[in-house]
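Reading through the structure tokens given below for one structure.
Each value in this text was obtained by applying a stated rule to the coordinates, not by laboratory testing. The structure presented is a predicted model; accordingly, all values stated were derived computationally and were not measured. For neighbour counting, all protein chains shown are included, and Cβ atoms are generated from backbone atoms with ideal geometry for every residue, glycine included.
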Amino acid sequence: MLHGDRTDLLGDVVGGAEETTTGVIRLRSLAEAGKLKYPIIAVNDADTKHFFDNRYGTGQSTLDGITRATNVLWAGKKVVIFGYGWCGRGVASRATGMGAHTIVTEVNPIRALEAVMDGHQVMPSREAAKIGDIFITLTGGLKAISRDHMELMKDGAIMANSGHFNVEIDIEALEDMSDGKREVRPGVDEYPLGDGRRLYLLAEGRLVNLAAAEGHPSAVMDMSFANQALTAEYLARTARNLAPAVYPVPRDIDDEVGKLKLRSMGIDIDSLTDEQQRYLESWDMGT
Ligand SMILES: NC(=O)c1ccc[n+]([C@@H]2O[C@H](COP(=O)([O-])OP(=O)(O)OC[C@H]3O[C@@H](n4cnc5c(N)ncnc54)[C@H](O)[C@@H]3O)[C@@H](O)[C@H]2O)c1
């Protein structure tokens, strides 16, 4: 809005802090195009944000949303996870813990490799489409599940999105393929296809963890919001000296949030002795 319809407000803006993966990507594109008007801190990229909020928060709340909407039994189900980023990793590991057979689809070879070595099956999405019972998109992109996939799915397949808006599943194609739809439970739409199969879409393809559950537990959002608060303070002090660009959360803020979180959990950790510190930093010892 500030870069479009309300540029009249830009004069009062000293900086911004961005919470989400997709938001940071968009702001980086704006900066690369030379159109960003004020400095941005990429809060999503703080370790104490995406390692925890995206992985454990989205991981738990996505399964929670799908369970609340459908009361499905996860054990023994074939769960297909689109995208093995921070959110995908969290969802996949939690689905494994519930006894599901997890299948990951990726476009990035390193992430695909990581998924394989974490114990998930990896295959092209069109192969996965034929065998999955539950499909969950977490790619941040467009049409991860397209008409081609839906043509191949089994009767009763369930589709949910926990990534970016309601664009990761091609809902237009689904509506086009089906003879109407009916809500069989709150947040569960059944789409009968001409060939007798029925596909189920949860929460109208919107973020299932927010639409059908309560989002992330506050015990993980606390770190994200601590980063936001400390970043806002940092921006208030420094933003006037920063050029319009996307900056990381300062390391000391990230570390401080980690320390505070541990303290709030009543957990102490060790510190290096001076001798250990010297050894780790030296070039002439142990080589
Ligand atoms: N539901 C929530 O509450 C919640 C919370 C945090 C983040 N998010 C959103 O979830 C999305 C993912 O976030 P992330 O931090 O995991 O991002 P990420 O960049 O770490 O991971 C995304 C992964 O998806 C893969 N990918 C992209 N397109 C694909 C496709 N068509 N098929 C298969 N894989 C594909 C990428 O290679 C990448 O590994 C973002 O849109 C983010 O904003 C949602």
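A few remarks follow.
- Set SER218, SER271, SER264: member being out of contact with any strand residue (DSSP E or B) (no Cβ under 9 Å at 6 or more places or on another chain), farther than 30 Å from ALA157 by Cα and touching a residue at least 24 places away in the same chain (Cβ under 8 Å): SER264
- Test result for ARG111, near the ligand (Cβ under 9 Å from one of its atoms) and farther than 15 Å from VAL79 by Cα: yes
- Whether a residue is closer than 27 Å to ILE253 by Cβ, more than 12 Å from the ligand (Cβ to nearest atom) and not hydrophobic (A, V, I, L, M, F, W, C) was assessed, and GLY16 passes this test.
- Options GLY180, GLY194, GLY163; residue that is buried (at least 21 other Cβ atoms within 10 Å of the Cβ) and either within 13 Å of the ligand (Cβ to nearest atom) or not aliphatic (A, V, I, L, M) (or both): GLY163
- Residue satisfying condition, being touching a helix residue (DSSP H, G or I) at 6+ places or on another chain (Cβ under 7 Å) and part of a helix (DSSP H, G or I), within set ALA173, ALA239, ALA160, ALA219: ALA173
- Here SER125 passes the criteria (1) away from the ligand (no atom under 11 Å from the Cβ); (2) over 20 Å from THR20 (Cα atoms) except the one numbered (1).
- Matching entry among LEU2, LEU27 (being assigned to a loop (DSSP other than H, G, I, E, B) and either aliphatic (A, V, I, L, M) or within 16 Å of the ligand (Cβ to nearest atom) (or both)): LEU2
- Residues of segment 242-283 that are loosely packed, with under 13 Cβ neighbours inside 10 Å and part of a loop (DSSP other than H, G, I, E, B): ALA243, MET265, GLY266, ILE267, ASP268, ILE269, ASP270, SER271, LEU272, THR273, SER282, TRP283.
- Selection within segment 30-66 - without any contact (Cβ under 8 Å) to a residue 60 or more places away in the chain, of a type outside the set (A, V, I, L, M, F, W, C), surrounded by fewer than 17 Cβ atoms within 10 Å (Cβ to Cβ) and assigned to a helix (DSSP H, G or I): GLU32
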